[in-house]
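Peer 1: Before I ask anything, let me first share the structure, which is written out below as structure tokens.
The values are calculated or read from the model by the stated rules, or taken from the named source; none is laboratory data. Please read all numbers here as calculations on a predicted model, not as lab measurements. Cβ: placed from backbone, ideal geometry, glycine included. Neighbour counts: every protein chain shown. In case anyone asks, the SASA skips ligands and DNA or RNA and just uses the protein heavy atoms, side chains included. Shrake-Rupley method; radii C 1.70, N 1.55, O 1.52, S 1.80 Å.
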Amino acid sequence: MKQKRLLTVMLFLLLAVLPSCKSDDDDDLIGKWYRVSDFDGLARYAASSFTIGNKGYLVCGYDNKKCLSDLWVYDIEMDSWTQLASFPGTARHTAVAFTVNEKGYLGTGYDKENYLKDFWEYNPAGNTWEQKADFPGSARYGAVGFGVAGKGYIGCGYDGNYLKDFYSFNPSTNAWEQIISIGGSKRTGATCFVINDEAYVCCGLNNGDYVNDFWKYNPSTGLWTQLRDISDTSDDDYDDDYNIVRTNGVAFVIDGAAYIACGESGSVRSDTWKYSPATDLWENVAKFKGTARTSTASFSSGERGFIVSGKSSTLCFDDIWELHPYEYDDDDY
């Protein structure tokens, strides 16, 4: 009788545990990362990248021995790499790059001795580089840059001091104009992305602290708007699990939502967060499946997003990963 009762209790406990295991599976974070064709060039970190159509471009960077100046293109549809005309300026790392009107732009950075402020245009039609008017702010590295509404923008960074100034570049006149500085904290190693012709800037480092304020720039008004902080600073529930702050992270956009991954905040990161501009809220999604890393580069066609290169401690990477945001990773079960 006692044995029968004991078996009944054990069966009950087992049945009680099984639903909770299923619940844990149901709570697994959405998103699945796929490793695609490895980068053909030297492993590196702090490279610059931009996307034109369905092609992602990776240029410059540092391989733990020297600054680089080679340019490579990744064909998103063909999953293949091709080397193109090398960047003709000073080899560098931690420069900014962006796309305006189907052309790529690169400027600022560091060559291991000097902060830089030269600025260049890449034309994929002719596979050619052309030097443009120098960036008018101080020479710097770790700045943030984006292209939106027919103009390019560079701001923030480090020139011996942390910075928050911003400038716009008009490709049709080859001229720069200083605009209103971003609000809040000065920062280096910030992350940016563009959705619906508005630019977003967050993260970064300031005087040893990881920045938690978050800003949106509207090029039609020329104004910055502060959004909700990216850490748990409110009395509401929405940000209780926020752990987004970092420096040298990377972002890309898929179907009108932004994804931030990798970077560092005391240690290298692999967690990934999804931002929805309609609600100004963040959601933790499937972590980056490659080795945790910082100083990566990214490509985004608007429909697909990739992370390539980066470093962890003294190890440089040459792998590239794509996020499929609507799948679950069954391999983790």
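Peer 1: Considering amide H positions built from the backbone, and no H for Pro or chain starts, which residues 5 or more places from L71, or on another chain, come under 5 Å of its amide H?
Peer 2: Amide H to amide H, under 5 Å and 5 or more residues apart or across chains, L71 pairs with L84, S86, F87.
Peer 1: Could you list the chymotrypsin sites (Phe, Trp or Tyr not before Pro) in segment 286-327 that lie in coil according to DSSP, counting only those with at most 12 other Cβ atoms within 10 Å of their Cβ?
Peer 2: Passing sites in segment 286-327 are Y326.
Peer 1: Among W129, S185, S69, which residue has its Cα furthest toward the positive end of the charge dipole of the chain, with +1 on Lys/Arg Cβ and -1 on Asp/Glu Cβ?
Peer 2: S69
Peer 1: Another question, if that's okay. Would you kindly find the accessible area of R228, with a 1.4 Å probe and non-protein molecules such as ligands, DNA and RNA excluded, rounding to the nearest 10 Å²?
Peer 2: The value for R228 is about 90 Å².
Peer 1: Suppose each label sits 7 Å from its Cα in the direction of the beta carbon; what would the E77-A149 distance come out to in nanometres?
Peer 2: 3.2 nm
Peer 1: Right, next: Would you mind checking K55/K164; K112/K216; K55/K216; K164/K311; K216/K287; K112/K164 for any pair whose Cα atoms are more than 28 angstrom apart?
Peer 2: Those over the limit are K55/K164; K112/K216.
Peer 1: Take every Cα pair under 8 Å in the chain that's 6+ residues apart, average their separations, divide by the length, and report that relative contact order as a whole percent.
Peer 2: Contact order relative to length: 17 percent.
Peer 1: Something else now. Once you charge only the Cβ atoms, +1 for Lys and Arg and -1 for Asp and Glu, what is the size of the charge dipole of segment 95-200 about its Cα centre, to the nearest 20 debye?
Peer 2: In debye, rounded to 20, segment 95-200 gives about 260.
Peer 1: Under the definition of Cα pairs under 8 Å and six or more residues apart, what whole-number percent is the relative contact order of segment 197-333?
Peer 2: It comes to 15 percent, rounded to a whole number.
Peer 1: Starting from segment 226-333, pick out the GluC sites (Glu not before Pro) whose DSSP state is loop and whose Cβ has at most 10 other Cβ atoms within 10 Å.
Peer 2: Loop-located and lightly packed - E303.
Peer 1: If you roll a 1.4 angstrom probe over the protein chains with everything in place, what fraction of the accessible area of the chain belongs to carbon and sulfur, to the nearest %?
Peer 2: It is 48 percent, rounded to a whole number.
Peer 1: Which ³J(HN,Hα) values, rounded to whole Hz and listed in residue order, are derived for segment 98-104 from phi using the Karplus coefficients 6.51, -1.76 and 1.60 in 6.51 cos²θ - 1.76 cosθ + 1.60 with θ = phi - 60°, glycine and proline given as x?
Peer 2: 7, 10, 9, 6, 6, 10, x
Peer 1: Aspartates and glutamates near K132 by alpha-carbon distance under 18 Å, same-chain residues fewer than 8 away left out - which ones?
Peer 2: Of all the aspartates and glutamates, those that pass the test against K132 - Cα under 18 Å, at least 8 places apart if same chain - are E102, D118, E121, E177.
Peer 1: Still on this model: How big is the dipole moment of the chain about its Cα centre under a simple scheme where the beta carbon of each Lys and Arg is +1, that of each Asp and Glu is -1, and everything else is neutral? Debye, nearest 20, please.
Peer 2: 760 debye
Peer 1: Now for a different question. Any idea what diffusion coefficient the chain gets from Stokes-Einstein, in µm²/s, Kirkwood Rh on alpha carbon pairs, 20 °C, 1.002 mPa s?
Peer 2: Approximately 103 µm²/s, per Stokes-Einstein.
Peer 1: Considering only protein heavy atoms, with the full assembly of protein chains and a 1.4 angstrom probe, order D28, D40 by accessible area, largest first.
Peer 2: D40, D28
Peer 1: Among Q83, C203, G150, pick out the residue whose Cα is farthest towards the positive end of the charge dipole of the chain, where Lys and Arg carry +1 and Asp and Glu carry -1 on C-beta, about the Cα centre.
Peer 2: Of the candidates, Q83 comes out farthest on the positive side.
Peer 1: Ok, one more. Keeping all protein chains in position, work out how much accessible area S231 exposes to a 1.4 Å probe, and write it in Å² to the nearest 10.
Peer 2: 20 Å²
Peer 1: Subtract the Cα-Cα distance of N101 and N114 from 0.36 nm times their separation in residues, and report this length gain in nm to one decimal.
Peer 2: 1.7 nm
Peer 1: Can you run phi through the Karplus equation (6.51, -1.76, 1.60; θ = phi - 60°) for segment 137-154 and list ³J(HN,Hα) in whole Hz, with x for Gly and Pro?
Peer 2: x, 5, 4, 6, 9, x, 6, 10, x, 7, x, 7, 6, x, 9, x, 9, 9
Peer 1: Would you work out which of S231, G266, G56 lies farthest towards the positive end of the dipole of the chain, given +1 charges on the beta-carbon of Lys and Arg and -1 on that of Asp and Glu, about the Cα centre?
Peer 2: G266
Peer 1: Going 7 Å from the Cα of N243 toward and past its Cβ, which residues in segment 293-308 have a backbone nitrogen under 20 Å from where you end up?
Peer 2: 293-295
Peer 1: Please list H324, H93 from largest to smallest accessible area, probe radius 1.4 Å, with all protein chains kept in place.
Peer 2: Descending order: H324, H93.
Peer 1: Now a separate question. To check you understand DSSP bridge types, tell me what percent of the beta bridges within the chain (both residues inside) are antiparallel, rounded to 5.
Peer 2: 100 percent
Peer 1: Once you list every other residue whose beta carbon is under 15 Å from the beta carbon of N206, what net charge do they have if Lys and Arg are +1 and Asp and Glu are -1?
Peer 2: -1
Peer 1: Please give the solvent-accessible surface of D134 in Å², to the nearest 10, using a probe radius of 1.4 Å with every protein chain present.
Peer 2: We get 80 Å² for D134.
Peer 1: If you place +1 on the Cβ of every Lys and Arg, -1 on the Cβ of every Asp and Glu, and leave all else neutral, what size is the dipole of segment 185-333 about its Cα centre, to the nearest 20 Debye?
Peer 2: Computed about the Cα centre, the dipole is about 860 debye.
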